[in-house]
1. Do the conditions hold for A:Glu228, that is, is it at pLDDT below 95 and acidic (Asp, Glu)?
2. Got a sec? Which of B:Arg185, B:Arg201 is closer than 30 Å to B:Val355 by Cβ and either within 7 Å of chain A (Cβ to nearest Cβ) or of a type in the set (D, E, K, R) (or both)?
3. Any residue that is within 13 Å of chain B (Cβ to nearest Cβ), closer than 26 Å to B:Leu248 by Cα and of a type outside the set (D, E, K, R) - is there at least one of those in the stretch A:295-309?
4. Before we move on, is A:Ile76 open to solvent by 10 Å² or more (accessible area, probe 1.4 Å), modelled with pLDDT of 90 or more and β-branched (Val, Ile, Thr)?
5. Assuming A:Leu313 fulfils every condition listed in (1) at pLDDT 95 or above; (2) assigned to a helix (DSSP H, G or I); (3) among the aliphatic types (A, V, I, L, M) apart from one, which condition is it?
6. Just checking, how many residues over the stretch A:316-340 are surrounded by 18 or more Cβ atoms within 10 Å (Cβ to Cβ) and in a helix (DSSP H, G or I)?
7. Looking at the stretch B:103-120, can you tell me whether even one residue there is without any contact (Cβ under 8 Å) to a residue 60 or more places away in the chain, within 29 Å of B:Thr309 (Cβ to Cβ), in a strand (DSSP E or B) and of a type in the set (A, V, I, L, M, F, W, C)?
8. From B:Leu281, B:Leu249, grab the single residue that is among the aliphatic types (A, V, I, L, M), at pLDDT 85 or above and surrounded by fewer than 20 Cβ atoms within 10 Å (Cβ to Cβ).
Protein chains: 2
Amino acid sequence: MWSLIDYILQLTPYSELSGRLHPAASVVVTFVLLVVGYIIGSSITNKLFGKDNFPVKDKHVFIAGGSQGLGKALAILLAKKGAHVTIVARNKQALDAAIDEIQAEKLYPHQTITSVAADVTDHSQVVRAFDEAAAKHDGKTPDYLFCCTGNDYRPNLRHLMFVVGAARPRLFLEHSIQEFEDAMRLNYLGSLSVAHEGVKRMVHHGVKGKVVFVSSTLGFVGFIGYTEYAPSKCALRGLSESLRSELLLYGIDVHCFFPGAIRSPGFETENKTKPEITKRLEGEDEASPPDVIAMALYKGLRKGQFFITSDLLTDILRAGTHGITPTNNVIVDVLFDCISWIIAFPYIWYFDWQVRSAADKHIIKTADDNIH
Amino acid sequence: MWSLIDYILQLTPYSELSGRLHPAASVVVTFVLLVVGYIIGSSITNKLFGKDNFPVKDKHVFIAGGSQGLGKALAILLAKKGAHVTIVARNKQALDAAIDEIQAEKLYPHQTITSVAADVTDHSQVVRAFDEAAAKHDGKTPDYLFCCTGNDYRPNLRHLMFVVGAARPRLFLEHSIQEFEDAMRLNYLGSLSVAHEGVKRMVHHGVKGKVVFVSSTLGFVGFIGYTEYAPSKCALRGLSESLRSELLLYGIDVHCFFPGAIRSPGFETENKTKPEITKRLEGEDEASPPDVIAMALYKGLRKGQFFITSDLLTDILRAGTHGITPTNNVIVDVLFDCISWIIAFPYIWYFDWQVRSAADKHIIKTADDNIH
């Protein structure tokens, strides 16, 4: 690297410095050159090619899971920007309350803000939801689909409906098989069902729209307490990757959002069942308000990012699991990938050590009579 | 880097060379030093700590999906090494045929080789399979679980049973929602169900064993044609990551295997439905015989690798999506991650270009009367 600088110096009026710079000085010069080059380069690119990849005005936005949390915050944000909005959720009352809030924020009087009560885990209800949405919007097929499905399946909490997929962090053996199935049904299959029906209609009507899935930081990393939740969020990552490739056929964009903790009824429920060891590992996980998270998603969509994050750690993890996915910014992503290598070792060591240390306290009730 | 070499040279009898080496020579010297250091270092570590992480003799190995393909090849391999084996699959005839093959290869006369007919997508049958397996092995809880579940759900192919999860590559809109659900049920929930019941028994009996999941190259990368299959394989990756962390509580190891294409009935079925564009992108994908793939898994387990692969490309993708997972070899993994960055750009560009070019030929039948 120093030599590169020396060669560059020979081309400048400062050629007498060539080969005489202290290595440390060379590092600084290289770094400064890189940063300056990057700033100039990216501002030029932004000026030249920096179009808004997510024009919202007069678009029909279909938000599954739009009555609470991120979904509602997104509906409000996009109504403020001039979009027509359909929100879908199971609970009629929650929908009505949300519609009032969204209506109050709309930019133009002609914006149509509607809701459909439907359970997205039942595909026939998804089909009906799209029918009703089109009917209420003068036959207009949704341009943008947001699959923010997520719920809590425990019967005593059925009235709670929130976005992004409820995590019920528990120890693996404390979960029933049914819970693993429910998590997959809601977090993955619910989103898939909306995307499948929505894309079918977009293709039929030649709408070159967008499909946005909502995964989680836990789509990039998994640890104790998330054996039920993390796989469903990883599945969404996998779906996004395959679907992004495939929907190029029709000019439809696919995006996947990986938010951190969102302050919502879901987050509070989550903390009730969360194992002590999981809480200790996560530390004081600051949950962000839904509107902050929604804004991060909005900005990522405007930039045309494929994988969108709302916090630095998740962004580092995104770069650290880049594989064969489109980058957001190649310089930043390579840098973040380097950082992910550096943090990986102490992180794994510390987490593994903490779990091993907790082994004594976690004597699991396997006093199941069927086990011999 | 050159400067580092210069400093090192000053400490040697060749100090007069310091600062006078040509940059290119410095690069070569650095590279040679690294490689020599690595070879010496790794051979010392292997001598000192290179224990066999997967002793097989007299262990009870439980293989879900053991009647065909990878599962059967694994059963034969481990029987050859002296293990007691239980294979589980739905088809009694296929099991009986496999048992004959495995029996013929066992190392000691006292090895118990048994089978249980059960459908792992039904948890009550999984529980029964473990009961029967224990009964047939003098009450011995399985030490190692291999979750090689996978099947083809199309009714006319129900007699085919093969390992590793059938891919039914089709275009997204050609799949029914039921197919997405079936893929997840078999590839993910079937494996999960086996792991859940097996781990419960291991914990109960204090067995410090292993759980091995079988994902796929498509657990690391997804593209057109794999919207149904890739998410289920990604889910297994996520499950492995969380479960590895959690089962440290009980001293149980978790591993995840990511084989490439396996020559099996599954592979042939796969090619029947595979879209032309997917075939073109994959090129002549050489499917390896199951015994070669089984040997790769065996070697990885002996080395104690967390994520195990059977081919170079998948290993590069593993390193390229490393995130916060234990490495197999930090130098190789960092190098492979660099390679994954280099191949990512042309790969994405070429695949995206191919898909866009195929757009005209893929006019999808969305002539569904229900779509308005």
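The values are calculated or read from the model by the stated rules, or taken from the named source; none is laboratory data. What you are looking at is a predicted structure, and each value in this text was computed from that prediction instead of being measured. Every residue, glycine as well, gets a Cβ built from its backbone with ideal geometry; the counts of neighbours run over all protein chains shown. Each accessible area value is taken on the protein alone, full model and side chains, heavy atoms only, with ligands, DNA and RNA left out. Shrake-Rupley method; radii C 1.70, N 1.55, O 1.52, S 1.80 Å.
1. Criteria met by A:Glu228.
2. None of the others qualify; the one that does is B:Arg185.
3. no
4. When the stated conditions are applied, A:Ile76 passes them.
5. (1) is the only condition that A:Leu313 fails.
6. So the count comes out to 9.
7. Checked the stretch B:103-120: at least one residue is without any contact (Cβ under 8 Å) to a residue 60 or more places away in the chain, within 29 Å of B:Thr309 (Cβ to Cβ), in a strand (DSSP E or B) and of a type in the set (A, V, I, L, M, F, W, C).
8. B:Leu281
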